[in-house]
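> Got a structure here, written out as structure tokens. Questions coming.
The values are calculated or read from the model by the stated rules, or taken from the named source; none is laboratory data. Model, not experiment: these values are computed from the prediction. FYI the Cβ positions are ideal-geometry reconstructions off the backbone, even for glycines, and counts take in every protein chain you see. The accessibility values were calculated without ligands, DNA or RNA, using every heavy atom of the protein model including side chains. Shrake-Rupley method; radii C 1.70, N 1.55, O 1.52, S 1.80 Å.
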Amino acid sequence: MKSRWFFLFFLISGFCSLVYEVIWLRLGMAKFGVTTPMVSIVLSVFMAGLGLGSWGGGKFIRRFDRAPASMPLRLYGLLELLIGISGFAAPATIDAGYRLLRDSGRGLAWGSPVYYVASGAWVAVALLPWCTCMGATFPFAMAAIRRMHGEDSQHSFSYLYLANVLGAILGTLIPAFVLIELLGFRGTLHVASALNFLLAAGVFLVSMGAVSAPASAAERRAPRVLPANGTGILWLLFATGLCSMAMEVIWIREFTVYLGNVVYAFAAILAMYLGATFTGSYIYRSRMQSGDADRGKIAWVMLGLIALLPLLFADPRLPLPELQYTVAGFGYGAIRAGLGVTLFSGVVGFLTPMLVDRWSGGDPDRAGRAYAVNVVGSILGPLVAGFAVLPWAGERWGLCVVALPLFVIGLRMHRSPLYVACVALSVLLAAFTKDYGTKFPHRVELRDYAATVIATGEGMDKRILVNGTGMTVLTPITKVMAHLPLSMLGRPAKNALVICFGMGTTFRSVMSWGIQTTAVELIPSVPKVFGYFHPDGPALLESPLAQMVIDDGRRYLERSPDTYDLIAVDPPPPVSAPTSSLLYSREFYAIIKPHLRPGGIVQVWFPGGDAATLASVARAFRNAFPYVRTFESIAGWGIHFLGRMEPFPEWNGSELAQRIPARAAADLVEWNEGTTPPEMMDNVLSGEKRVSDLIGVDASQPPIGDDRPVNEYFLLRSLR
């Protein structure tokens, strides 16, 4: 390649594309729900746009085969300019669709499938045009390279692919570890837009000096070499896209238990995947330049075995310490994940550009079609893994199921003793490795499209884990979440809403008041283990006073016309968990307020965090509600935030206890033998804190919001 400009162009383009993908996903979840189907819709639209752009862009650019080199280059620059506009246009369109669905859906009997169809259609309107532009950049740039540098045009896709993946690595790490914490989501989008505008300007400048290679030279140097087995290559591209993206979904479930449930863990897995892909692509380019790029059969033979390596490195018996949520623990988890995923990702990074180069021979149209086929597989992979394989087979056996096509391909590629050895080793891996759940011999384990749920322990030591993260334990703290605000209501309560079901303790305590109680839980399997923790749980769910809803709590409130005397929110731990800020943000409180009946109370549990997070959460809560009271829990950790639109009564513990029905009073002291309800309430009141003091622990922090999730992005301040 005579010019290095294209490498720089696609490095910046890859960076910006990853920024857009990650932040558009987050904006979509904030507006339309943090649910697995919603995540799948956003990612599918993004990938569909890439595939459509790659296919359609290749067909369109054929019209300019004989045009000067400056023409396809300027068309490519125009695409990058349009992509830069998307940083402003896509969020605005998402916001408009959110308001439209909110206003038209509130009060109507919209079922979840209808809402998903409507929201999915709007996401497509908001994102598909821009993603199509992203997909078209490959064939457009390849057309320019073919006109300018005929000698390298046969392998131009792999050249651009290498740069794009390197940019994607930077687009994964820099925003997650630096930019979002400093600038928020929309500020980071604006940085990406500015880079796209600069990139477009650079392309237009280069186009002014672009010189076409002589027609005869271009034809002599870059003849179209078409493969003998073109259909087979397309099937291989489809298979690698499907299997690799399906495995990425499984890897996240497998290794989150070791990396920790924080945004940096997911960024680390994605960066490892992309880094290994870049390395594989770089090796392919190096071997191609040395004339030794056509030895991929061994890679296909070994790919099935390599795909099963995560079984070994996710085995809890592997002698690596488990210290998650600490710097050391994240490092040990990264070792496990890195050893498990990088070799497979590297081989796929080698094979994918090799296959596209072979099938296209440098032709932009054929390259666009080949890449589109790979993208189609990448769309189907996560859907198959998330909604079929994982619920049916789990992480361990699910990985084996996804790897089966790779063994079939290996057999067809090269029947040899090496293949037999790889199959034998794979059988041993599947037979003798164990998954994380085996750490708990006495357990109930359920799986669904959203998570793997484990209920384990005995007596008061029972616990529930979702994807390996402990959600809660049997503690009177969760009882206080119900009894404290209901006793402060000052009148008989009629109904309550519990967001985040967990073990069901708060739901059970609200039910003891004999009022209509609705619980909203994101993970379908969580309510199914209610009886493991509370023997009367299944009967309570059958009560005419109970309603169980599987949905995102925030999304449910958006669509519900109901109002409540109590809304109790217990966000999943840790406080830094991805998307947890959506249940602490000022935007969420704005959604809650219209759903409070006159005199109603909202209770939000804060389990504890660093000073900046505490101050940010407290400021957002105080700004939302004119009357706020905060109490440290009776266990000495965590804060109950209580908000109301009118003053709270100044009652002592005895007066509050008198307002608790007999059945609810018995529930309050169920796990505090020898303690009376008045003593219990006095204990709670003695832990009252002033909200101004909580804000004062770090007064410089802004109120937590959807755009500035202070709790989730904390690396820079922790280093300080």
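> Working carefully through the options GLY514, GLY490, find the one that is at pLDDT 95 or above, surrounded by fewer than 19 Cβ atoms within 10 Å (Cβ to Cβ) and either of a type in the set (Asp, Glu) or over 22 Å from ARG443 (Cβ atoms) (or both).
Exactly one residue qualifies, and that residue is GLY514.
> Is at least one residue of the stretch 568-587 aromatic (Phe, Trp, Tyr), surrounded by 21 or more Cβ atoms within 10 Å (Cβ to Cβ) and more than 20 Å from the chain's Cα centre (by Cα)?
For the stretch 568-587, residues aromatic (Phe, Trp, Tyr), surrounded by 21 or more Cβ atoms within 10 Å (Cβ to Cβ) and more than 20 Å from the chain's Cα centre (by Cα): absent.
> A follow-up question, please. Identify, please: which residue in the stretch 677-720 is part of a helix (DSSP H, G or I) and of a type in the set (Asp, Glu) and is, among those, surrounded by the fewest Cβ atoms within 10 Å (Cβ to Cβ)?
It comes out as ASP693.
> Based on this model, can you work out whether LEU259 counts as buried (at least 23 other Cβ atoms within 10 Å of the Cβ), within 28 Å of VAL384 (Cβ to Cβ) and at pLDDT below 90?
yes
> Please tell me if ALA699 is under 37 Å from the mean Cα position of the chain (by Cα) and without any contact (Cβ under 8 Å) to a residue 40 or more places away in the chain.
Taking the combined requirement at face value, the residue does not satisfy it.
> Could you check, for the stretch 69-80, whether at least one of its residues is open to solvent by less than 20 Å² (accessible area, probe 1.4 Å), charged (D, E, K, R) and either at pLDDT 90 or above or out of contact with any helix residue (DSSP H, G or I) (no Cβ under 8 Å at 6 or more places or on another chain) (or both)?
Yes, some residue in the stretch 69-80 is open to solvent by less than 20 Å² (accessible area, probe 1.4 Å), charged (D, E, K, R) and either at pLDDT 90 or above or out of contact with any helix residue (DSSP H, G or I) (no Cβ under 8 Å at 6 or more places or on another chain) (or both).
> Restricting attention to the stretch 517-537, and to residues there that are open to solvent by 50 Å² or more (accessible area, probe 1.4 Å) and of a type outside the set (Asp, Glu), which single residue is nearest to PRO573 (Cα to Cα)?
LEU522
> Take LEU18 and decide whether it is over 30 Å from HIS595 (Cα atoms), in contact (Cβ under 8 Å) with a residue 24 or more places away in the chain and surrounded by 22 or more Cβ atoms within 10 Å (Cβ to Cβ).
yes
> Hey, any hits in the stretch 621-638 for a residue that's touching a Leu at 6+ places or on another chain (Cβ under 9 Å), of a type in the set (Gly, Ala, Ser), at negative phi and modelled with pLDDT of 95 or more?
No - not one qualifying residue is present in the stretch 621-638.
> Could you list, in sequence order, all residues of the stretch 57-68 that are surrounded by 17 or more Cβ atoms within 10 Å (Cβ to Cβ) and either acidic (Asp, Glu) or closer than 13 Å to GLY368 by Cβ (or both)?
Correct list: GLY57, GLY58, PHE60, ILE61.
> Are there any pairs with C-beta distances below 6 angstrom linking a residue in the stretch 80-99 that is under 18 Å from ARG26 (Cα atoms) to a residue that is surrounded by 18 or more Cβ atoms within 10 Å (Cβ to Cβ) and among the small types (Gly, Ala, Ser), with the two at least 6 apart or on different chains, and if so which?
These pairs meet every condition: GLY87/ALA192; GLY87/SER193; ALA90/ALA126; THR93/ALA126; ILE94/ALA126.
> List the number of the failed condition for GLY28; all other conditions in (1) more than 18 Å from LEU79 (Cα to Cα); (2) surrounded by fewer than 23 Cβ atoms within 10 Å (Cβ to Cβ); (3) of a type outside the set (Asp, Glu) hold.
Unmet for GLY28, out of (1) more than 18 Å from LEU79 (Cα to Cα); (2) surrounded by fewer than 23 Cβ atoms within 10 Å (Cβ to Cβ); (3) of a type outside the set (Asp, Glu): (2).
> Tell me, please, whether a residue that is under 30 Å from VAL34 (Cβ atoms), at pLDDT below 90 and buried (at least 20 other Cβ atoms within 10 Å of the Cβ) can be found in the stretch 147-168.
no
> Looking at (1) surrounded by fewer than 19 Cβ atoms within 10 Å (Cβ to Cβ); (2) among the hydrophobic types (A, V, I, L, M, F, W, C); (3) assigned to a strand (DSSP E or B), which one does PHE631 not meet, given that it meets all the others?
Only one criterion is unmet by PHE631, namely (1).
> Failed condition for GLY674, given (1) open to solvent by less than 50 Å² (accessible area, probe 1.4 Å); (2) part of a loop (DSSP other than H, G, I, E, B), with all others met?
(1)
> Let me ask you something else. Evaluate the stretch 538-545: report whether one residue or more is in contact with a Leu (Cβ under 9 Å, 6 or more places away or on another chain) and either at positive phi or crowded, with 17+ Cβ neighbours inside 10 Å (or both).
no
> Return yes or no: is THR563 in contact with a helix residue (DSSP H, G or I) (Cβ under 9 Å, 6 or more places away or on another chain) and modelled with pLDDT under 95?
No: the conditions fail for THR563.
> Quick one: how many residues across the stretch 659-671 are assigned to a helix (DSSP H, G or I), open to solvent by 80 Å² or more (accessible area, probe 1.4 Å) and either in contact (Cβ under 8 Å) with a residue 12 or more places away in the chain or within 20 Å of VAL602 (Cα to Cα) (or both)?
So the count comes out to 1.
> Name the residue, out of SER426, SER509, that is within 22 Å of ASP682 (Cα to Cα) and either open to solvent by 10 Å² or more (accessible area, probe 1.4 Å) or of a type outside the set (Phe, Trp, Tyr) (or both).
From the options SER426, SER509, the qualifying one is SER509.
> Looking only at the stretch 31-56, count every residue that is in contact with a Leu (Cβ under 8 Å, 6 or more places away or on another chain) and open to solvent by less than 30 Å² (accessible area, probe 1.4 Å) and tell me the total.
The number of residues fulfilling the criteria is 9.
> All but one of (1) at pLDDT below 90; (2) buried (at least 20 other Cβ atoms within 10 Å of the Cβ) hold for GLY230; state the number of the condition that does not hold.
So GLY230 meets the others, but not (2).
> Select from the stretch 385-400 the residues that are surrounded by fewer than 19 Cβ atoms within 10 Å (Cβ to Cβ) and out of contact with any strand residue (DSSP E or B) (no Cβ under 9 Å at 6 or more places or on another chain) and list them in ascending order.
PHE387, ALA388, TRP397
> Pick from GLY381, GLY410, GLY340: which is assigned to a helix (DSSP H, G or I), within 29 Å of GLY58 (Cβ to Cβ) and touching a helix residue (DSSP H, G or I) at 6+ places or on another chain (Cβ under 7 Å)?
Being assigned to a helix (DSSP H, G or I), within 29 Å of GLY58 (Cβ to Cβ) and touching a helix residue (DSSP H, G or I) at 6+ places or on another chain (Cβ under 7 Å) holds for just one of GLY381, GLY410, GLY340, which is GLY381.
> Which of the residues belonging to the stretch 634-658 are open to solvent by less than 30 Å² (accessible area, probe 1.4 Å) and either farther than 15 Å from VAL602 by Cβ or not hydrophobic (A, V, I, L, M, F, W, C) (or both)?
Answer for the stretch 634-658, where residues must be open to solvent by less than 30 Å² (accessible area, probe 1.4 Å) and either farther than 15 Å from VAL602 by Cβ or not hydrophobic (A, V, I, L, M, F, W, C) (or both): GLY638, HIS640, GLY643, ARG644, PRO649, GLY653, LEU656, ALA657.
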